[in-house]
Structures are given as structure tokens and as C-alpha cells.
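In what follows, a structure is listed as C-alpha cells, so that the remarks can point back to it.
The values are calculated or read from the model by the stated rules, or taken from the named source; none is laboratory data. Bear in mind the structure is a predicted one, so any value in this text is a computation, not a measurement. Here the Cβ positions follow ideal geometry from the backbone for every residue, glycine too, while neighbour counts run over all protein chains shown. Just the protein is used for accessible areas: all its heavy atoms, side chains included, with ligands, DNA and RNA removed. Shrake-Rupley method; radii C 1.70, N 1.55, O 1.52, S 1.80 Å.
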Amino acid sequence: MAAERSASRPAPGLPVWARPRAAGRGPQPSLSLAAIVDEAVAVADAEGVAAVSMRRIAGELGVGTMSLYRYVETKDDLLDLMTDQVMGEGGAPARLGDWREDLRSTAVRYRELVLRHPWVLSIGASRPPLGPNVLRRTERLLGTMDGLGLGVGEIAHLTATVVAYVRGVVFAEIAEAEAVRRTGQSEDDYRRLVGPYLMQVLAAGEHPLMERYVVEADDRADADQVFLSGLDLVLDGVAARLERAGRTGES
């Protein structure tokens, strides 16, 4: 697997969408690029992106591995195509005409998408593939704050801050699900296991705020409500920035 990936793209090249794509040829007329990407997404959703290899996808489709290379040059290209495909799910959300509600709706939909496809978080977080769906999604994201008197750099910074919040929350949600899968322990199982130890530590009195949290806080709040509450805090910060820009004439 590691050798396949490291050898797949020896030098930086043009994005897959910028290169001429030869039509598939050979004895598998039913094979298509769409079928390959669909199968790769299904495998990644079920088993994680580490399970995706050209050999694995070819096997799932009942063809030889070399047949895939007639449609997809490298595994990295396949990952880019997978990411762009899922980024196109759901179509464009309806604009509500209010930046806060539009940005809130965009954040909620993005969280739902990443929870459906957890593998996309690691692929698209730093250098997302610049496919048509990613570009359209980015344009819509920037458009939620267009016309508010900010420069496009400030718009990009504010919207990226909201996206970073979503990614941070979803990363924790995905990590918890992975911990359950890896250990076989639910969150309740884990609490029962570490509870006596934690209470013993807190009884020493060196962590009074942690003790207050354990005793007083609602640590079983609904995940959706926790996400939305935090999102509103982030949007409050964006609103404060807009208000300051309006007062000072910044752009």
C-alpha cells in the first residue's frame, strides 16, 4: 500500500482535471471512470481510505488491476476524484439572504457530509483537490459573505475560521467512533472503566475545576446541539468582526 502510493506520483503534476483523459479501452466495456470512483468511495466509507488501492478496487469490480490504469493514471488521482465527487453531494443549498443563516447552513451541511465520508477530512483539509465540485463549493462559501463591505481576503479568513471549527468538531466525533471500533468499548464502557481512577485523583483536591465539571456539567449533551451551540459562538465572533469593520470603515 505505502509503496503503491509513494510510487504513484514521482513528481508534482497537473491536477487530474487539467490533463487530457484517454477513453478506456480493452475488453471491459462495462467499466467506466464513474464506476471506479463510486466503488472507491464505497470502500473508503466502509473501511477507511487506507483500504483503497488500485488492486482492491479492481477486485471489487471484477477486472484486472491494469484495467483501472486505462481510466485513472495514479492512486492519488483516484483519491482526488473521490474527494471531488463527494463534495458535490446535495447540490447547492438555497440562499436564505442572510449571511449568518447562509453560513450556518453551509457549516451544518459540511459536517453532515464529512460524517458520511470521514476519510475526506484527511485528504481535503490542507490542499483540497481543485476539481469542479470543490471549486463550486468554495465559491458558494465565499459568496455567503460577499457584498458586506469586506475584502475577499477577509471573507476567505472568516469563512475558513468557520470551516476550521467544523473540522475540529468532526475530527473529535470521528476519533470517538474510531476508538469505539478499535477497542470495542462504548463511551459508557470507558466511563465505567476509568471512573474510579478519576474520582480518586479528583479527591486529592488538586484539580478543583475538573471536579466541578464532573459534578456540575452536562457531559452527555446531544452532539448536534453541542455543535450548533459552538457554531453560534463562532458566528458571534464573525458578527463582531463585521460590526467593527462597519464602524471603522475597514475592508
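Using a 1.4 angstrom probe, figure out how much accessible area the chain has per residue, in square angstrom, rounded to the nearest whole. Working shown, then result.
Values: 14810 Å² over 251 residues.
Value returned for the chain: 59 Å² of accessible area per residue.
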Quiz item: When the scattering of region 64-108 is computed by the Debye formula from its Cα atoms alone, each counted once and equally, what is log10 I(q)/I(0) at q = 0.18 Å⁻¹?
Solution: -0.65
Quiz prompt | Zone residues, region 167-188, relative to residue 220, backbone N less than 13 Å from point 7 Å out along Cα-to-Cβ | solution = 187-188
Self-check item: Per-selection Kirkwood Rh - region 126-168 (Cα, Å, 1 d.p.)
Solution: 11.1 Å
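Dividing the convex hull volume of the alpha carbon atoms of region 26-131 by its residue count, what do you get in Å³ per residue?
Numbers: hull volume 11.4 nm³, N = 106.
Per-residue hull volume (Cα only) is 107 Å³.
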Self-check item: Among 183, 74, 106: highest mean-square fluctuation, GNM of the chain, C-alpha pairs under 10 Å
Solution: 183
Quiz item: In nanometres, what is the gap between the two model label sites at residue 245 and residue 70, each 7 Å from Cα along Cα-to-Cβ?
Solution: 5.2 nm
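What area, in nm² and to one decimal, does the C-alpha convex hull of region 133-231 cast on average over all directions?
The orientation-averaged projected area of the Cα hull of region 133-231 comes to 9.9 nm².
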Quiz item: When the helix-only estimate is applied to the chain (DSSP H runs of n ≥ 4, each -39,500 (n - 2.57), divided by the residue count), what is the mean residue ellipticity at 222 nm, nearest 500 deg cm²/dmol?
Solution: -21000 deg cm²/dmol
Quiz item: In µm²/s, what is D for region 91-159 at 25 °C and 0.890 mPa s, where D = kT/(6 pi eta Rh) by Stokes-Einstein and Rh is the Kirkwood radius from Cα pairs?
Solution: 189 µm²/s
Exercise. State, to one decimal in nm, how far the label point of residue 108 lies from the label point of residue 206, with both points 7 Å from Cα in the Cβ direction.
Key: 4.5 nm
Practice problem: List, in order, the whole-Hz ³J(HN,Hα) value for each residue of region 193-209 obtained from phi through the Karplus relation with A = 6.51, B = -1.76, C = 1.60 and θ = phi - 60°; use x for Gly and Pro. | Solution: 6, 8, x, x, 4, 4, 5, 5, 5, 5, 5, 6, x, 8, 10, x, 6
Self-check item: Calculated Rg and Dmax of the chain using C-alpha coordinates, Å
Solution: 22.7, 73
